[in-house]
Amino acid sequence: MGKLALAIQVAFQDLGVFPASTTQIPLDLNDPMPFSTVQAIQNVERTAELGRIASSPRDSLTAASDETDISTLRSELEQALHNEIALHQVSLHRETDGLVVSLREFGFFDSGSATLKHEALPALDRIASILAIRTCKLRIEGHTDNVPIHTVQMPSNWELSTNRATELVRVLIIGHRFAPERLSAAGYAEYHPIASNLTAQGRAQNRRVDVVILTSEAVKLSSLPSPDSDAKPSSSLN
């Protein structure tokens with residue numbers, strides 16, 4: 001009888017027929033629970049369910065702000081790098097993690113070398129001046145084509161891609177005073193191509209260093225521990 005009375009009372013209150021009640025109706029005669037307690041539990045359950053269905057307003061505002069910042073940043077970079085884009089030395093595109101500024105090898109590095117060309121420094125200065133006044137984090141990614149390299153300095157494409165990425169990080173920290181905690185570097189060798197390696201043109205597109213301007217959401221996701229990490233920080237370096 002107590003459970004039936006509770007069900008009727010909850011139903012009518014949800015419809016707005018009866019005002020909220022504090023009647024002490026036991027759910028279980030062996031373990032009575034006040035109706036006010038039941039209401040509190042149900043309110044918590046409803047709130048939790050709504051939280052699973054609708055995203056937090058703060059998250060939505062952050063995402064909208066990110067998109068506005070990325071759009072503004074892209075316009076500024078396209079204007080500053082107009083000549084390099086026209087010469088196909090630089091390209092920009094949007095990915096899930098953020099805005100990618102792709103620096104093609106022939107505009108910034110000699111073949112097989114991780115040293116930046118002197119004539120590439122003005123373009124890097126313009127990129128750095130736009131990014132320096134912001135706080136967004138950057139991931140610098142080195143990429144190669146699938147043609148093997150084996151020299152004293154570069155035993156494989158892994159070393160070449162990684163050294164180019166860390167060289168750009170060094171220039172940003174030393175030459176432009178970027179905070180080191182804003183930066184990470186990664187080398188992917190030939191394993192993340194954006195074009196076919198079957199043609200010379202495709203291989204030229206794959207030889208690049210990407211500056212990934214990360215969104216707040218991408219940074220947040222990258223900081224979460226993996227399911228099998230037992231919440232311990234990773235000891236590996238990007």
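Values in this text are rule-based calculations from the coordinates and carry no lab data. Since we're looking at a predicted model, the values are computed, not measured. Glycine gets a Cβ as well: all are built from the backbone with ideal geometry, and neighbour counts include every protein chain shown.
A viscosity of 1.567 mPa s and a temperature of 4 °C, combined with the Kirkwood radius over Cα pairs in Stokes-Einstein, give a translational diffusion coefficient for the range 75-120 of 112 µm²/s.
What net charge is computed for the residues neighbouring Ser161, neighbours being all others with C-beta under 12 Å from the C-beta of Ser161, Lys and Arg scored +1, Asp and Glu -1?
That sum, taken over residues with Cβ under 12 Å, equals -4.
Over the C-alpha atoms of the range 142-210, the Rg to Rh ratio, Rh being the Kirkwood estimate, stands at 1.05. With each label modelled as a point 7 angstrom along the Cα→C-beta vector, the Tyr191-Ala132 pair spans 3.6 nm.
Charge tally around Cys136: other residues with Cβ under 10 Å, Lys/Arg +1 each, Asp/Glu -1 each, net +1.
The C-alpha radius of gyration of the range 116-159, expressed as a fraction of 2.2 N^0.38 Å, stands at 1.61.
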